[in-house]
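We did not get these values from a lab; they are worked out from the coordinates using the rules stated. The structure displayed is predicted, hence computed values, not measured ones. No Cβ is skipped: glycine too gets one built from the backbone with ideal geometry, and neighbour counts run over all protein chains shown.
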Amino acid sequence: MPHTFMQEEAARLNITLPAQGEYAVGNVFLRPEEPHVFEQKAIFESIAQQNGLKVLGWRLVPVDNSILGPSAKSKEPSIQQPFVILDPVMYPTFDNKRFQRQLYLLRKQSTHAITLKNWFYICSLSNQNIVYKGQLSPIQVYDFFYDLQNYKYATHFALVHSRFSTNTFPSWDRAQPMRWAAHNGKSCAAEKKGKNSHSGMTPDGDTVCEGMSCLYCVLHTTTSEDR
């Protein structure tokens with residue numbers, strides 16, 4: 001996470017970030033029309049609160065959409081970054097394992113509640129890494145995202161990946177990488193895993209506790225890849 005850069009950008013919004021690692025930054029696709037942006041943010045923040053998290057605010061990611069082709073531009077989302085922390089009232093002492101778990105719950109539950117059909121997609125939501133992607137050619141990524149051109153945007157490790165969509169039409173959410181990994185192949189036995197994820201069973205046949213039901217479906221049966 002480019003901590004110094006995020007600190008300065010948050011300060012422009014009158015947001016004070018805690019120490020590095022104690023906050024998460026997401027890259028989130030929202031439906032661009034203003035009423036939808038407001039509604040989707042409100043749902044996200046409500047789910048965050050239910051999971052012991054607090055959204056400090058949102059940052060609109062600056063982009064140059066003049067370079068987009070007609071197909072990409074027709075489906076261009078509003079790309080925004082929520083700054084998320086553990087609710088200090090509920091958790092006065094920072095617990096990284098709890099934070100990671102609650103972030104995962106927030107990502108899955110908000111995705112199910114708002115849905116990809118409404119253009120909602122979380123590229124990443126983490127206190128460790130951040131994903132910039134879109135319906136772009138490799139050469140467009142750097143020019144599209146002004147953040148990547150900022151000399152203060154510093155990190156010790158970066159991964160760039162490009163893959164042509166061979167069995168599906170390109171879209172913003174299908175772009176690589178997939179939050180934590182970039183890959184060149186399909187997930188094996190997607191149909192079986194999709195059934196398991198719906199039924200609450202692990203691949204080995206173990207039953208997942210009922211309290212985990214809010215996470216399903218883990219894999220989407222409408223696609224061959226876990227996005």
### Task
May I ask you to sort Tyr142, Tyr23 by Cβ crowding, counting other Cβ atoms within 10 Å and putting the fewest first?
Tyr142, Tyr23
## Note on the structure
Stretched fully, the stretch from Gln49 through Val160 gains (0.36 nm per residue minus C-alpha distance, one decimal, in nm) 36.6 nm
### Message
Sorting check: for 127-138, 144-155, which peptide has the highest mean count of neighbouring beta carbons within 10 Å, and how do the rest follow?
### Response
127-138, 144-155
#### Entry: Spin-label model distance (nm) - Asp95 vs Arg12, 7 Å beyond Cα toward Cβ
3.6
#### Entry: Residues His156, His36, His161 arranged by fewest to most Cβ contacts within 10 Å
His156, His161, His36
### Query
Where in region 14-49 does the label zone of Met1 land, with the point 7 angstrom along Cα→C-beta and an amide N cut-off under 16 Å?
15-28
## Note on the structure
Ranked from fewest to most other Cβ atoms within 10 Å of their own Cβ, Met90, Met1, Met6 fall in the order Met90, Met1, Met6
### Message
Longer than 20 Å from Cα to Cα, which of Lys73/Lys108; Lys97/Lys117; Lys41/Lys108; Lys75/Lys133; Lys41/Lys152 are they? Say none if no pair is.
### Response
Lys73/Lys108; Lys97/Lys117; Lys41/Lys152
